[in-house]
Amino acid sequence: MPEKKQEASHAEINAPSHWEILARERNARVIMCHTPDTYILTGLAKSADRAMRALRDRVYTTVTSEEAEPLFHEYNEVVLRLHQIVEKISGKLDIRYRPPRAIVTMLGSDEKEGGDGDGADHEGPGGKTSKTKLS
């Protein structure tokens, strides 16, 4: 006897994928990679997230605070250096760059500028930029 093919229900067809469900998480970020450089950074960010989480979790258990402190400091220096490079490139090419809130906090800025790095709601020469019109 021939096997009957089961038809997928409407709910199964429209069910969100595993990745769509993950993208809805509070601590998730979705990044569109427009250049090979971004692919490198996203891979690096994933590994850095894993390593920094492990370091934070293991301070006082398998890693002493004396060992961890210079690693945290070095990591933050590299993050701030990347911020400076992105800021420099953006300025040279007249591209709006708005540092993420965490960078502004790290720099100890009193300005209320920070953002999530997408440049939305940026006061530029043409006035306020909305989230839907960034270019």
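The values are calculated or read from the model by the stated rules, or taken from the named source; none is laboratory data. As the structure is a computational prediction, the values presented were derived from the model and not from experiment. Ideal geometry is used to build each Cβ from the backbone, glycine not excepted, and the neighbour counts take in all protein chains shown.
See the values below:
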| item | result |
| --- | --- |
| Breaking point among (1) modelled with pLDDT of 95 or more; (2) farther than 26 Å from Arg98 by Cβ, for Tyr60 | (1) |
| Meets criteria (surrounded by 11 or more Cβ atoms within 10 Å (Cβ to Cβ), among the basic types (Lys, Arg) and at pLDDT 95 or above) for Arg81 | no |
| Subset of region 7-18 that is surrounded by fewer than 10 Cβ atoms within 10 Å (Cβ to Cβ) and not small (Gly, Ala, Ser) - its residue that is modelled with the highest pLDDT | His18 |
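Residue by residue, here is whether (1) of a type outside the set (Gly, Ala, Ser); (2) under 11 Å from the mean Cα position of the chain (by Cα); (3) assigned to a helix (DSSP H, G or I) holds:
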| position | (1), (2), (3) |
| --- | --- |
| Val30 | yes, yes, no |
| Cys33 | yes, no, no |
| Thr42 | yes, yes, yes |
| Lys46 | yes, yes, yes |
| Arg50 | yes, no, yes |
